[in-house]
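Presented below is the structure to which this report refers.
The values are calculated or read from the model by the stated rules, or taken from the named source; none is laboratory data. Computed from a predicted structure; not experimentally measured. No Cβ is skipped: glycine too gets one built from the backbone with ideal geometry, and neighbour counts run over all protein chains shown. Remember, those area values only see protein heavy atoms, side chains included, never the ligands or the DNA or RNA. Shrake-Rupley method; radii C 1.70, N 1.55, O 1.52, S 1.80 Å.
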Amino acid sequence: MENITVKEILEATGGKLLCGSSDKVIAHFCIDSRQADETSLFVPIIGERVDAHKFMDGTIAAGAASLTMEHDSYEADQPVIKVPDTIKAMQDLAIWYRNKMDLPIVAVTGSVGKTTTREMITCVLKGKFKAFETSGNQNSQIGVPLTIDKMSYSDEIAVLELGMSERGQITILTNIAQPNVAVVTNVGVAHIEMLKTRENICAEKLDIQKGLKEGGVMFINGDNDMLSAHAAELVNHPFKFYGFGENCDIRAVDVKEIGGQTEFTCLMDGNAYPVVLNSLGDHMVLNALAAIGVGAHFGIPVSVASEQLSGFKGQRQDIRESNGYTVIDDTYNASPDSMKAALSILNGMNGKNNKIAVIADMLELGPNSPAYHREVGEYIVGTSITDVFAVGEMIDYALEAIREGNVDIAIHKFENNEELTAALKDFVKEGDAVLLKGSNGMKLKQVANQL
């Protein structure tokens, strides 16, 4: 935030000043008391284990102002503001600040692919604008206000990522962001444990339109079965489909993977444009199509977008050469769709001695988790993968499907990551390719680092 006074915070939140001066100037939110200073507004959050109100004295001693929902009076030189809910107050202040920012915002959501899509969109927009984007995975009810807090008046456009785990959260986030353009990447089964059905997930993702500004446009993955089936009935704003299908307004054809790059032709508005990506997989092509569409909406020619994307390297897909073999580190998170997308990259790597899939459990998939894991195993059956190294409990359902469908694939199962790592180090040889994929909680990143 830039030059926000305590008086303005009171106006934005409806809070009550318990002590201190309303003229104090605030520069940023602070939710970690150890980072508090004289420019901070400390937001004490009550978590499952810790009530951060107990750190208020320390933050005020460091010169910070503070919100509170547990005090009716307070004596200090620094401002303390009483609010009914500290998280809601932070969101209200983020809305107030966003309304002062005269810049367009692109908001991205989806079960799979939202981070890479957000990064690709930002990459394209940097061909014309000073573009701001979400840092890391700050896409939650706390993360989005923290992200908007970092925006400045020098930014010309922003790309924000909106995540959710429960029904109604996208509505809250989109009303904070108030985007001019919304992108929905996918409807899968991530968080189905909480939302119960894919139809509910679809409705939740499309709720991103509720905060869309007047004249706003949506870009939607037209290849996704749920989105293509329900967009027309659920979306009340102009929208464009992107994907491989003939129903798509922004479409990829003639896709080829050559020398670690992906080449394709983008069809849009009756024209054909060549595009080269420095990454692999059809899912990366989908992400690029969204970025090209958003770029075109803001006046960026496809030729410029293609040039920007040719140098793109995101944080999710990390392909490295090590000791003569190839390591594909895609360990950030996992769902059936993202697992299959990653496995397709390994499958497409020609000229390798062995193609080794290192897979672990996909978490938070609810009562149908066995079927989703089996779905991944059935996908592996039809690939050129030679070996599967696995760890976890649910992954056994995938291994069962592999054994039933393809006896030529060698299966190696381990009790823990330490045994898995030791076996891999002994097994992997020069000329092999290794993919590592599983939910973040399975900690395969540690195994990838060892390789």
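Given axes a ≥ b ≥ c from the Cα gyration tensor, I'd like to know whether the chain is rounded (a/c under 1.5), prolate (a/b larger than b/c) or oblate. Prolate shape, in that a/c is at least 1.5 and a/b is the bigger ratio. The fraction of accessible area contributed by carbon and sulfur in the stretch 190-268 is 47 percent, rounded to a whole number (1.4 Å probe; ligands and nucleic acids excluded).
So what is the accessible area of the stretch 328-443 per residue, in Å², with the probe set to 1.4 Å? List each step's numbers first, then the result.
Numbers: 4850 Å² over 116 residues.
In whole numbers, the stretch 328-443 has 42 Å² accessible per residue.
Each of 55, 97, 40 was scored by the projection of its Cα onto the charge dipole of the stretch 1-136, and the greatest displacement toward the positive side belongs to 97; charges sit on the C-beta of Lys, Arg, Asp and Glu. Expressed as a whole percent, the accessible surface of the stretch 16-121 that belongs to carbon and sulfur atoms is 46, based on a 1.4 Å probe.
For the stretch 173-296, relative contact order (Cα pairs under 8 Å, six or more residues apart, normalised by length) works out to 20 percent. The Cβ shell under 12 Å around residue 58 holds other residues with a net charge of -1, Lys and Arg each +1, Asp and Glu each -1. Under 17 Å Cα to Cα from residue 16, which lysines show up? Leave out anything in the same chain fewer than 8 places away. Counting by Cα, and skipping residues close in sequence, residue 16 has these lysines nearby: 7, 24, 82, 88. Pairs over the 31 Å Cα-Cα cut-off, from the set 54/126; 100/437; 240/352; 126/213: 54/126; 100/437; 240/352. Contact order, relative form, for the chain: 11 percent (alpha carbon pairs under 8 Å, 6 or more residues apart, mean separation divided by residue count). With both labels modelled 7 Å from their Cα along Cα-to-Cβ, the residue 198 to residue 11 distance reads 4.9 nm.
State in Å² the accessible area per residue of the stretch 83-213; use a 1.4 Å probe, count heavy atoms of protein chains only, and round to the nearest integer.
Per-residue value: 31 Å².
Once the Cα-Cα distance is subtracted from the 0.36 nm per residue extended length, the residue 353 to residue 27 segment shows a gain of 111.8 nm. Computed 3J(HN,Hα) for the stretch 160-171, one whole-Hz value per residue from the Karplus formula 6.51 cos²θ - 1.76 cosθ + 1.60 where θ = phi - 60°, is 10, 9, 10, x, 7, 10, 9, 4, x, 6, 5, 4, glycine and proline marked x. The accessible surface of the stretch 289-363, taken with every protein chain in place and a 1.4 Å probe, is 43 percent carbon and sulfur.
For the pair residue 76 and residue 3, a Förster radius of 35 Å applied to the C-beta separation gives a FRET efficiency near 0.95, rounded to the nearest 0.05. Our note on the geometry: Cα centres of the stretch 341-397 and the stretch 6-62, 47 Å apart.
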